[in-house]
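Contents: one structure, followed by commentary.
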Amino acid sequence: MKRVLSGIQPSGQLTLGNYIGAMKNFVELQHSHQCYFMVVDHHAITVPQKPEALKEQTESVAALFIAAGIDPNKASVFLQSHVPAHTELGWLITTIAYMGELERMTQFKDKSAGKESVGAGLFVYPALMAADILLYNADLVPVGDDQKQHLELTRDVAHRFNQRYGETFRVPEPYIPQVGARIMSLDDASKKMSKSNPNPGSFIALLDPPDVIRKKISRAVTDSGREVKFDPENKPEVSNLMGIYSHCSDLSLQEIEAKYEGQGYGSFKKDLAEQVVATLEPIQQRYNEIRSSGAIYDILKKGAREASVIANATLNEAKQKMGFILPQ
Ligand code: AMP
Ligand code: TRP
């Protein structure tokens, strides 16, 4: 069975962008692949986190994985920090990646822009992400569009390592949705929907109550026309909403166009809000059950045990190839 690995940072509330861009594919791939899904807490600390908030968000993201439909008997769900092989291989990969490569990463440029002091971890973060993926010899990595560049770097360092030390790592492929790889902000379709946007009206959080979702969608920016038409270049706002609609219903973009022909944006937005509510309500219900049962800790323990077996074997192979003496 082919392997899949992905991770989400516990650095704030997850949004509909995370769900459509990444988690929905996690749920789909678990039926046909051997899957490893983790909460990347080591990545979250590359920007300052309050300890209490980090703890709460880590548990919350893990519970959302399960609530969204990941079956812990099919996929291993774990915390990155529970499998120390990640930070160890992360260091080894840091010595393989080049400064120039890391300097080109747009996420680093965005996150460090205008900051007086930037932690060195933010700079080497892509090397840790590469280690995450290579440890499992993952074939596929389901992510949103913004992670494509990090995946390219992962492929480059895997090739470099294999060339230098002999065939060790599988070179992974990104797995990116055709529509919805980049869900845009509700207040500005030139920016990606992000949990770190200071305007909460710009994103839909997976845990937003139904009335909040309805309000946010009714206030979402649209162009001055009235045609519900998929045309990302000329109608970026409506096209973004159509992508969300399509993911939250069984309708294709063409079917949505046909359904709202000649009707303007009003009924389209109203129906869209109901589709989003209907998608998120069952997830929220399961989320509340999981959080109150405390079941997540057993799931994470089992996941870390399963993940460690694969991760430790790959780490030892890489160390041996590099000339480390393994403990006897
Ligand atoms: P992060 O929240 O940065 O840890 O992202 C977790 C996953 O969600 C990654 O695969 C991202 O590419 C994906 N993602 C985050 N925001 C969006 C968005 N607005 N549209 C699509 N995918 C997204
Ligand atoms: N960098 C990713 C993000 O910000 C999260 C991540 C860390 C990841 N390690 C990963 C994603 C490994 C896929 C595979 O979204």
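Scanning region 1-24 for residues that are outside any strand (DSSP E or B), closer than 18 Å to ASP139 by Cα and near ligand 2 (Cβ under 8 Å from one of its atoms) yields a single hit, ALA22. The set of residues from region 137-171 being open to solvent by less than 20 Å² (accessible area, probe 1.4 Å), more than 18 Å from THR106 (Cβ to Cβ) and in contact with a Lys or Arg (Cβ under 7 Å, 6 or more places away or on another chain) comprises ALA138, THR168.
Are any of the residues in region 29-41 under 10 Å from the mean Cα position of the chain (by Cα), buried (at least 18 other Cβ atoms within 10 Å of the Cβ), hydroxyl-bearing (Ser, Thr, Tyr) and within 13 Å of ligand 2 (Cβ to nearest atom)? No, region 29-41 contains no residue that is under 10 Å from the mean Cα position of the chain (by Cα), buried (at least 18 other Cβ atoms within 10 Å of the Cβ), hydroxyl-bearing (Ser, Thr, Tyr) and within 13 Å of ligand 2 (Cβ to nearest atom). Could you say whether any residue in region 87-106 is within 16 Å of ligand 1 (Cβ to nearest atom), assigned to a helix (DSSP H, G or I) and closer than 17 Å to SER11 by Cβ? Within region 87-106, none of the residues are within 16 Å of ligand 1 (Cβ to nearest atom), assigned to a helix (DSSP H, G or I) and closer than 17 Å to SER11 by Cβ. Given the criteria within 20 Å of LEU207 (Cα to Cα) and open to solvent by less than 70 Å² (accessible area, probe 1.4 Å), does ILE96 qualify? Against the criterion (within 20 Å of LEU207 (Cα to Cα) and open to solvent by less than 70 Å² (accessible area, probe 1.4 Å)), ILE96 does not qualify. So which residues in region 199-246 are surrounded by 20 or more Cβ atoms within 10 Å (Cβ to Cβ) and touching a residue at least 60 places away in the same chain (Cβ under 8 Å), if there are any at all? Listed by number, the residues that qualify are PHE203, ILE204, LEU206, ASP208, ILE213, GLY243, ILE244, SER246. Scanning region 1-52 for residues that are more than 15 Å from ligand 1 (Cβ to nearest atom) and under 26 Å from GLY201 (Cα atoms) yields PRO48, LYS50, GLU52.
Residues PRO177, PRO142: which one is in the same structural domain as ASN18 (by TED's automatic domain parsing), in contact with a strand residue (DSSP E or B) (Cβ under 6 Å, 6 or more places away or on another chain) and over 27 Å from GLY323 (Cα atoms)?
Details: PRO177 fails: in contact with a strand residue (DSSP E or B) (Cβ under 6 Å, 6 or more places away or on another chain).
Result of the check over PRO177, PRO142: PRO142.
When region 141-178 is examined, which residues are found to be of a type in the set (Phe, Trp, Tyr) and in a helix (DSSP H, G or I)? First the steps, then the outcome.
Keep residues of region 141-178 that are of a type in the set (Phe, Trp, Tyr), which gives 161, 165, 169, 175.
Across region 141-178, the qualifying residues are PHE161, TYR165.
Among the residues making up region 164-190, those that are more than 16 Å from ligand 2 (Cβ to nearest atom) and either under 22 Å from the mean Cα position of the chain (by Cα) or of a type in the set (A, V, I, L, M) (or both) are GLN178, VAL179, MET184, SER185, LEU186, ASP187, ASP188, ALA189, SER190.
Does PRO84 satisfy being within 24 Å of PHE324 (Cβ to Cβ) and not aliphatic (A, V, I, L, M)? First the steps, then the outcome.
Working: within 24 Å of PHE324 (Cβ to Cβ): yes; not aliphatic (A, V, I, L, M): yes.
Considered against the rule, which asks whether it is within 24 Å of PHE324 (Cβ to Cβ) and not aliphatic (A, V, I, L, M), PRO84 comes out as yes.
The helices (runs of 4 or more DSSP H) found wholly in region 231-328 and carrying at least 3 residues that are under 28 Å from the mean Cα position of the chain (by Cα) and among the aliphatic types (A, V, I, L, M) occupy 236-247, 265-293, 296-322. Filtering region 111-158 to residues that are within 13 Å of ligand 1 (Cβ to nearest atom), touching a residue at least 24 places away in the same chain (Cβ under 8 Å) and over 18 Å from GLU88 (Cα atoms) leaves LYS111, LEU140, VAL141, PRO142, VAL143, GLY144, ASP145, ASP146, GLN147, LYS148, GLN149, HIS150.
The lone criterion from (1) within 16 Å of ligand 1 (Cβ to nearest atom); (2) part of a helix (DSSP H, G or I); (3) out of contact with any Lys or Arg (no Cβ under 7 Å at 6 or more places or on another chain); (4) of a type outside the set (S, T, N, Q) left unmet by ALA181 is number (2). Would you be able to say whether some residue in region 52-65 is more than 15 Å from ligand 2 (Cβ to nearest atom), touching a residue at least 12 places away in the same chain (Cβ under 8 Å) and of a type in the set (S, T, N, Q)? Yes, region 52-65 contains a residue that is more than 15 Å from ligand 2 (Cβ to nearest atom), touching a residue at least 12 places away in the same chain (Cβ under 8 Å) and of a type in the set (S, T, N, Q). When LEU79, LEU54, LEU89 are checked against the criterion of being touching a strand residue (DSSP E or B) at 6+ places or on another chain (Cβ under 7 Å), hydrophobic (A, V, I, L, M, F, W, C) and at pLDDT 95 or above, a single residue qualifies: LEU79. Filter region 113-136 down to residues that are more than 23 Å from HIS33 (Cβ to Cβ) and part of a loop (DSSP other than H, G, I, E, B) and give me whichever is most open to solvent (accessible area, probe 1.4 Å). Across region 113-136, the extreme among qualifying residues is GLU116.
The values are calculated or read from the model by the stated rules, or taken from the named source; none is laboratory data. On a predicted model such as this, the values are computed, not experimentally measured, just so you know. A quick note on method: Cβ atoms are made from the backbone with ideal geometry, for glycine too, and the neighbour counts reach across all protein chains shown. The accessibility values were calculated without ligands, DNA or RNA, using every heavy atom of the protein model including side chains. Shrake-Rupley method; radii C 1.70, N 1.55, O 1.52, S 1.80 Å.
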